[in-house]
Amino acid sequence: MEVQISAIIITFNEERNIRRCLQSLKGVADEIVVVDSYSTDGTREICLQFGARFIQHRFIGHIEQKNWAILQAKHPCILSLDADEALSEQLRESILQVREKWTHDGYYFNRLTNYCGKWIRHTSWYPSRKLRLWDARKGSWGGFNPHDRFYLNKGAPRRFLKGDILHYSYYSISEHLEKMNTFSTILARSYFERGRKVYIFSILLHPLWRFMKDFFLKTGFLDGYYGFIVSVNSAHEVFMKYVKLRNIYTQEKGRQQRTICFFNSMNTWGGGEKWHFDVASYLVKLHYRALLISSPKSPLSRKISEIGVSGYQMHISNLSFLNPFKIRRLVRIFRQEQVGSLITNISGDMKVASIAGKIAGVHNIIYRRGSAIPIRNSIVNRYLFRKVVTHIVANSKETRRTILVNNQRLVPAEKISVIYNGVDPSRYHQAIEPMYRPGDGEIVLGSAGRLSEEKGHLYLLELLGMLRGTGHRFTLLIAGEGRLRNWLQKKAKKLGVESQTRFLGFVEEMPAFFRSIDIFLLSSHYEGFGYVIAEAMASRKPVVAFDIKSSAEIIVHGETGYITEHHNVAEMARYVLELAGNLSLREQMGMNGRKRVEELFSFEKSRETIRELITRRDHP
């Protein structure tokens, strides 16, 4: 079967190399997509001369940038090259043969490196096999930044092709040394984030072994002077990598001595609980000591225990801050566990935990505000926000506005940071198995959230009633648990939409839920940040939501979905019908939404800001 191939290249200031790369792709690739990190040289002009599709995108890491670049391709068969690489004539012929008869999911070939004008045919640099031609639906980029690699799904067939990628690496030894310093820093941080340990023998023996292997076992000596230089520099890069990794551990050790306490008494799962879980998971990977104080048997306590975070359980109400026994118990816990940072999520938790934290001498007392509801201008709140809480994290600009709506001086402006809830786009991919499979012609609508008054699920049941007799067969999946479940089920029966509505309860694997739907709906009366909107967009689903200010910060009306007048079910129905009858529109909005999430709402963008805020030793 003949296929079409999209060539993908990521660039930054590559005018020295890119022409050679593009020239080698002529006649091989059906399209060339260049994702550029805002070059300041002539890279753009050269790419346009060759008819490449030139897209500028902020650099987010080698792995992340290449995964993003794949999404821009028109064809699923991807040929990936770096700007300093080119196809040899033999490899061009091999790929052209594969185009005519595509039989495997991936194809790999050797890379031959030119170093300071000499081809290096030995050491670990050759033969260096690279998987660079594949079906993008069968895997994704992974590995350690900056040494990325494409991973095919388990069992996916692959084949070796004759010919070399010609890699024009370094034009001088000094250039090599400079790049080694950069790459070793990135590698050390990647190793640290994945828990890679470092010992004295790692620093001593790993570099020595690398030189012995490259120069003697891999016969680097046959490449003469430059074979020796490559072997020495490769060993030196290993040395720098482990030394820098050890330095990171030393620097972080002092920060990790004190415990980070997550305080969340919600007994249901929502955006705040997901935020606490994501942040705790990230910090645990960085070897920080985390602790959770939660309601007994809450979904958060169950999930967070799976990543090795222990804690305490207690019942908290909005008036618990008036209970001296609970405050005394919390003070004892904070002191015993050496809590250095305390993060709360809802008003009742903030009051009791921040007072206890202040008494216990906790350095950072952080209130994450997730609801866009005005805060009462009470004496208690003025005292807590001015004298006790050291920082407030608002999950949207609308949340920040509502914090101050009743009193512009309630909280000093420097105490409030807007940090959007982040999602991990890589979790929401096309290979996920859906949890619900529709019948022919069935349009699946989806909504997710706690089954409580503020989520407005009744509007969705009314929407289903309006959609009857429109020529489409609709099914509504509702993910979430809450005290209104029985009431909503009775309402669905009363409205005659019981057979079209499926209450799924708490859903553990939300990517599978989003993979199952065609259109996502949000009917909330208010939201601090629509976590589920960002998840739906990451899953390439168009969104239709009521205009509650914060939704408009995520959705671009007419591009990633539609914003409707608050409580206007008829308008929501009109947009749902428009999307239901236009598959290409749904797909285009889904792609637009995915790009927007990656650019603005990925957890990776906010995680370092969150870490620095939580782990700092002194409050403002």
Fill in the blank from the handout: Scanning the range 117-128 for residues that are part of a loop (DSSP other than H, G, I, E, B), under 36 Å from the mean Cα position of the chain (by Cα) and not aromatic (Phe, Trp, Tyr) gives PRO127
Completion exercise
Subset of the range 299-352, residues over 24 Å from LYS387 (Cα atoms) and either in a loop (DSSP other than H, G, I, E, B) or of a type in the set (Asp, Glu) (or both), comes to GLU306, ILE307, GLY308, VAL309, MET314, HIS315
Fill in the blank from the handout: Result of the Cβ filter at 9 Å on the range 272-295, keeping first residues that are over 22 Å from GLY449 (Cα atoms) and partners that are assigned to a helix (DSSP H, G or I) and acidic (Asp, Glu), at least 6 apart or interchain, is TYR282/GLU193; LYS285/GLU193; LEU286/GLU193; LEU286/GLU252; HIS287/GLU252; TYR288/GLU252; ILE293/ASP349
Practice task
Scan the strands (runs of 3 or more DSSP E) fully inside the range 517-592 and keep the ones with 3 or more residues being surrounded by 21 or more Cβ atoms within 10 Å (Cβ to Cβ) and either touching a residue at least 24 places away in the same chain (Cβ under 8 Å) or of a type in the set (Lys, Arg) (or both).
Solution key: 519-522, 543-546
Problem - Out of PHE239, PHE277, sole residue that is modelled with pLDDT of 95 or more and under 29 Å from PHE192 (Cβ atoms) - result: PHE239
Exercise for the section: Could you pull out the residue among VAL411, VAL444 that is touching a residue at least 24 places away in the same chain (Cβ under 8 Å) and not assigned by TED's automatic domain parsing to the domain that holds GLY593? Expected result: VAL411
Handout entry: When residues of the range 461-499 are limited to those that are of a type in the set (D, E, K, R) and in a loop (DSSP other than H, G, I, E, B), the one surrounded by the fewest Cβ atoms within 10 Å (Cβ to Cβ)
Key = ARG483
Practice task
Please find, among HIS122, HIS62, the residue that is touching an Asp or Glu at 6+ places or on another chain (Cβ under 6 Å), modelled with pLDDT of 95 or more and of a type outside the set (Val, Ile, Thr).
Solution key: HIS122
Handout entry: Given (1) in contact with a Ser or Thr (Cβ under 6 Å, 6 or more places away or on another chain); (2) part of a helix (DSSP H, G or I); (3) exposed (fewer than 13 other Cβ atoms within 10 Å of the Cβ), number of the condition PHE215 does not satisfy
Key = (3)
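Condition check ((1) buried (at least 24 other Cβ atoms within 10 Å of the Cβ); (2) assigned by TED's automatic domain parsing to the domain that holds VAL507; (3) free of Cβ contacts under 8 Å to residues at least 60 places away in the same chain; (4) more than 28 Å from the chain's Cα centre (by Cα)) across all residues:
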site: GLU306; (1), (2), (3), (4): no, no, yes, no
site: GLN338; (1), (2), (3), (4): no, no, no, yes
site: ILE346; (1), (2), (3), (4): no, no, no, no
site: ARG369; (1), (2), (3), (4): yes, no, no, no
site: ILE373; (1), (2), (3), (4): no, no, no, no
site: ARG376; (1), (2), (3), (4): no, no, yes, yes
Problem - Any pair with Cβ under 7 angstrom, 6 or more apart, that starts in the range 316-328 at a residue that is assigned by TED's automatic domain parsing to the domain that holds ASN267 and of a type in the set (S, T, N, Q) and ends at one that is surrounded by 13 or more Cβ atoms within 10 Å (Cβ to Cβ) and part of a helix (DSSP H, G or I) - result: SER317/GLY348; ASN318/SER347; ASN318/GLY348; SER320/LYS326; SER320/GLY348; SER320/VAL352
Fill in the blank from the handout: Within the range 353-367, of all residues that are in contact with a strand residue (DSSP E or B) (Cβ under 6 Å, 6 or more places away or on another chain) and outside any strand (DSSP E or B), the one surrounded by the fewest Cβ atoms within 10 Å (Cβ to Cβ) is HIS363
Handout entry: Condition check for LEU245: outside the structural domain of VAL507 (by TED's automatic domain parsing) and part of a strand (DSSP E or B)
Key = no
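One line per residue, one yes/no per condition, for (1) without any contact (Cβ under 8 Å) to a residue 24 or more places away in the chain; (2) buried (at least 16 other Cβ atoms within 10 Å of the Cβ); (3) in contact with a helix residue (DSSP H, G or I) (Cβ under 8 Å, 6 or more places away or on another chain):
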position: TRP134; (1), (2), (3): no, yes, no
position: SER140; (1), (2), (3): no, yes, yes
position: TYR171; (1), (2), (3): no, no, no
position: SER190; (1), (2), (3): no, yes, no
Handout entry: Single unsatisfied condition, ASN421 versus (1) under 25 Å from MET510 (Cβ atoms); (2) assigned to a strand (DSSP E or B)
Key = (2)
Practice task
Report yes if ALA156 is free of Cβ contacts under 8 Å to residues at least 60 places away in the same chain and of a type in the set (A, V, I, L, M), otherwise no.
Solution key: yes
Exercise for the section: Determine, yes or no, whether PHE321 is farther than 28 Å from PHE601 by Cβ and either in contact with a Lys or Arg (Cβ under 6 Å, 6 or more places away or on another chain) or at pLDDT below 90 (or both). Expected result: yes
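The values are calculated or read from the model by the stated rules, or taken from the named source; none is laboratory data. Quick caveat, the model's predicted, so the values are computed rather than measured. Methodologically, a virtual Cβ is constructed for each residue, glycine included, from the backbone with ideal geometry; neighbour enumeration extends over all protein chains shown.
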